[in-house]
Amino acid sequence: VFEGCTATIDCGRAVADDLFTAEEARRLLHLVQSVMRFGGGSGGPTIYDLASGALSKDRHFIDIYTVLKENNRGSPLDDEDRQLLRSVVGRIQAQIEQQFGVKGLALTAPTFFSRISAAEKAHIQNDEYWHLHVDREQYGSFDFTSLLYLSDYGADFTGGEFAFVDDENASLVVEPRQGRVVMFTSGKENTHHVRRVVDRVRF
């Protein structure tokens, strides 16, 4: 029994490949790419926080809404984008509730998109995305974590696999696939890391 994994929650991990269509995944990828062209982290990762509008730019974050206003552009999201995002969140939430036997989940912060480029080297600590960690310890507010991949391992990038580490010698590795969703309880029972992207770009 791990600390924080109570009897009211079935701790575990799951993968789903049938929650989203290829077209929905492509639309999300296009949305992320259109926003991230205004930023770009100095190291491998670029982060776009959906709730706050924070976007990595060099070694800091900028406000995408301020940047768009300065460029005489409107919101990065149109009504169809917002509808798609609500649908994505709703389907993932329903799947987690079904998979883990819980009800009444709410989306919490941070909720973000990430782009990891093999071409850029780490310059600050936050660029070092490959370290082993526990989400509840890193983010504080998480009971469950979900990841939705927008690009394909092998076809779009190499490296970048997601690895659960159960002990020093055993890992359960998930290869990203466009539209694939990984869900897990956020405590020590699911200590994990992302392997370094070694070629091209992972979303």
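General observations
- Restricting attention to segment 63-85, the residues that are of a type in the set (A, V, I, L, M) and over 19 Å from the mean Cα position of the chain (by Cα) total 2.
- Qualifying residue in segment 122-139 (condition: hydrophobic (A, V, I, L, M, F, W, C) and in contact with a strand residue (DSSP E or B) (Cβ under 7 Å, 6 or more places away or on another chain)): yes
- Yes/no for R180 being over 27 Å from K121 (Cβ atoms), in contact (Cβ under 8 Å) with a residue 60 or more places away in the chain and out of contact with any Leu (no Cβ under 7 Å at 6 or more places or on another chain): yes
- Those strands (runs of 3 or more DSSP E) of segment 128-174 in which 3 or more residues are at pLDDT 95 or above occupy 144-148, 157-159, 162-167.
- Restricting segment 23-41 to residues that are over 15 Å from the mean Cα position of the chain (by Cα) and modelled with pLDDT of 95 or more leaves a set whose member that is surrounded by the fewest Cβ atoms within 10 Å (Cβ to Cβ) is E23.
- Any chance V182 is part of a strand (DSSP E or B), over 24 Å from R59 (Cβ atoms) and in contact with a Ser or Thr (Cβ under 8 Å, 6 or more places away or on another chain): yes
- Single condition H123 does not satisfy, out of (1) of a type outside the set (A, V, I, L, M); (2) without any contact (Cβ under 8 Å) to a residue 40 or more places away in the chain; (3) surrounded by fewer than 17 Cβ atoms within 10 Å (Cβ to Cβ): (2)
- Residue within segment 133-145 that is among the hydroxyl-bearing types (S, T, Y), crowded, with 17+ Cβ neighbours inside 10 Å and within 15 Å of the chain's Cα centre (by Cα) present: yes
- Only a single criterion out of (1) buried (at least 16 other Cβ atoms within 10 Å of the Cβ); (2) under 17 Å from the mean Cα position of the chain (by Cα) is not satisfied by K57, namely (2).
- Check on D156, within 17 Å of G12 (Cβ to Cβ) and among the charged types (D, E, K, R): no
- Applying a threshold of 6 Å to beta carbon distances and a minimum spacing of six or more residues, or different chains, the list of pairs starting in segment 66-83 at a residue that is under 18 Å from S56 (Cα atoms) and ending at one that is not polar (S, T, N, Q) reads V67/F38; P76/V35.
The values are calculated or read from the model by the stated rules, or taken from the named source; none is laboratory data. Everything quoted here is computed from the prediction, not taken from an experiment. With ideal geometry, Cβ positions are generated from the backbone for all residues, glycine too; neighbour counts draw on all protein chains shown.
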